[in-house]
1. Does Phe45 count as in contact with a Phe, Trp or Tyr (Cβ under 6 Å, 6 or more places away or on another chain), in a helix (DSSP H, G or I), more than 30 Å from Val141 (Cβ to Cβ) and modelled with pLDDT of 90 or more?
2. Which residues, taken from region 126-142, are free of Cβ contacts under 8 Å to residues at least 60 places away in the same chain and crowded, with 18+ Cβ neighbours inside 10 Å?
3. Read through the list (1) farther than 15 Å from Tyr262 by Cβ; (2) in contact with a Ser or Thr (Cβ under 6 Å, 6 or more places away or on another chain); (3) surrounded by fewer than 23 Cβ atoms within 10 Å (Cβ to Cβ), then give the number of the only condition that Ala99 fails.
4. Go through region 42-76 and give me each residue that's surrounded by fewer than 14 Cβ atoms within 10 Å (Cβ to Cβ) and closer than 20 Å to Val190 by Cβ.
5. Output the residues belonging to region 186-200 that are crowded, with 17+ Cβ neighbours inside 10 Å and either among the polar types (S, T, N, Q) or more than 27 Å from Val211 (Cα to Cα) (or both).
6. Return yes or no: is Ile228 assigned to a helix (DSSP H, G or I), buried (at least 23 other Cβ atoms within 10 Å of the Cβ) and in contact with a His (Cβ under 9 Å, 6 or more places away or on another chain)?
7. Can you name the residue in region 285-305 that is over 17 Å from Ile43 (Cα atoms) and open to solvent by 10 Å² or more (accessible area, probe 1.4 Å) and, of all such residues, is modelled with the lowest pLDDT?
Amino acid sequence: MEGTIEQAAKASAAQGAAPGNAQRILLLTGRYGTPGVLVLLLIGFSAASPAFLTGQNLLNVLNQSATLAIVAGGLTLPLVAGKFDLSFASVVSLSGILAVGFLERSGLPWFAAMLLALAAAGVIGLVNGLLVAQLRIDPIVATLGTSTMLLGINYAYSNGTPITLKPGPFTDIARASVLGVPAPIILTAVVLGGLWVALNFTLLGHHMQAVGTNQVAARMAGVRVARITVTAFVICGVCAGLAGVLLSARIGSGQVTAGDGYLLNAFAAVFLGASVLRDGDFHILGTLVGVLIVTVTFNGLSLLGAESYVQFLFQGGILVAATALSSTSRRMLLASTRR
């Protein structure tokens, strides 16, 4: 599917006007503005702190990105299908609490505890999908309501206090490494790789994109819109559950508010990534770039000793600047082709 930028360039060529230097610059800016921001961040933090551009710190950045990348990767699918999910942060918290609770309170093996937590997350995604696809409830309202109910379940199960986890095979999930590469990085690569393949090379992925582009046309073309919508929410839920399990293993406890910080960060990453290479389309590669921008910003500012409020201000500014850079270049390119 061609984006607006490519259509504008073709329209210009069809009118007999060779694209000039200004149009080429705008085209490159629209496509690569957000990755350019990431490069500038890497250069700026490297110049400001010698400790930033070291192998160990870059590995730390990737390791710190793992949980957010899995959450944002899962969130990308319902957004591709044209639906919002506001419940995934609560799913992150609940899955972590359940996994730790099954281990410490019920005495289940760590693998069984993890699978049950993932199954619960998948059921929540299924409920979200059915509310949206079958009952036709607005996805924002449906998932906001689900999120609120999950918060109540979190408090009821944990009594509002963290459930502490003893060191063992479960905590090794977040602390182990393979050939010097932390396990969370490997797990994230597998998850994002699978999501990328699913979206780009499977019938399911093509149908999700069709539903997100034009639901009516997709239904007329024979796409089972309700099933695709439910599937997108289930995958989002399972990814949030996996992130919650990984997070609880890393911090050594299940906490009611453990996933709260991922809500805005995941949306920021996905929307930043929508301006990477494509014209406003959500996709996994762009989401990964957005995740790296968010994580690099926090990591670099932490190394510089910046206060927490500075980190949030800077991160918000980067989100606005990167998105504005790409969207402005698109508008200018479209305007230039109409002259």
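1. Working: in contact with a Phe, Trp or Tyr (Cβ under 6 Å, 6 or more places away or on another chain): yes; in a helix (DSSP H, G or I): yes; more than 30 Å from Val141 (Cβ to Cβ): yes; modelled with pLDDT of 90 or more: yes.
The answer is yes for Phe45.
2. Initially, region 126-142 is screened for residues free of Cβ contacts under 8 Å to residues at least 60 places away in the same chain, giving 127, 131, 135-138, 140-142.
Within region 126-142, Val127, Leu131, Ala142 qualify.
3. Exception for Ala99: condition (3).
4. Within region 42-76, none qualify.
5. Answer for region 186-200, where residues must be crowded, with 17+ Cβ neighbours inside 10 Å and either among the polar types (S, T, N, Q) or more than 27 Å from Val211 (Cα to Cα) (or both): Leu187, Thr188.
6. Details: assigned to a helix (DSSP H, G or I): yes; buried (at least 23 other Cβ atoms within 10 Å of the Cβ): yes; in contact with a His (Cβ under 9 Å, 6 or more places away or on another chain): yes.
In short, yes.
7. That would be Gly305.
For every residue, the table says whether it meets (1) closer than 22 Å to Phe282 by Cβ; (2) touching a strand residue (DSSP E or B) at 6+ places or on another chain (Cβ under 7 Å); (3) among the small types (Gly, Ala, Ser).
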| site | (1), (2), (3) |
| --- | --- |
| Leu86 | yes, no, no |
| Ala89 | yes, no, yes |
| Val100 | no, yes, no |
| Arg105 | no, no, no |
| Ala113 | no, no, yes |
| Gly122 | yes, no, yes |
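The values are calculated or read from the model by the stated rules, or taken from the named source; none is laboratory data. Since the structure is predicted, the reported quantities are computational estimates derived from the model, not experimental observations. Glycine also receives a Cβ, built like all others from the backbone with ideal geometry; neighbour counts cover every protein chain displayed. Please note that ligands, DNA and RNA were not included when accessible areas were found on the heavy atoms of the full protein model with its side chains. Shrake-Rupley method; radii C 1.70, N 1.55, O 1.52, S 1.80 Å.
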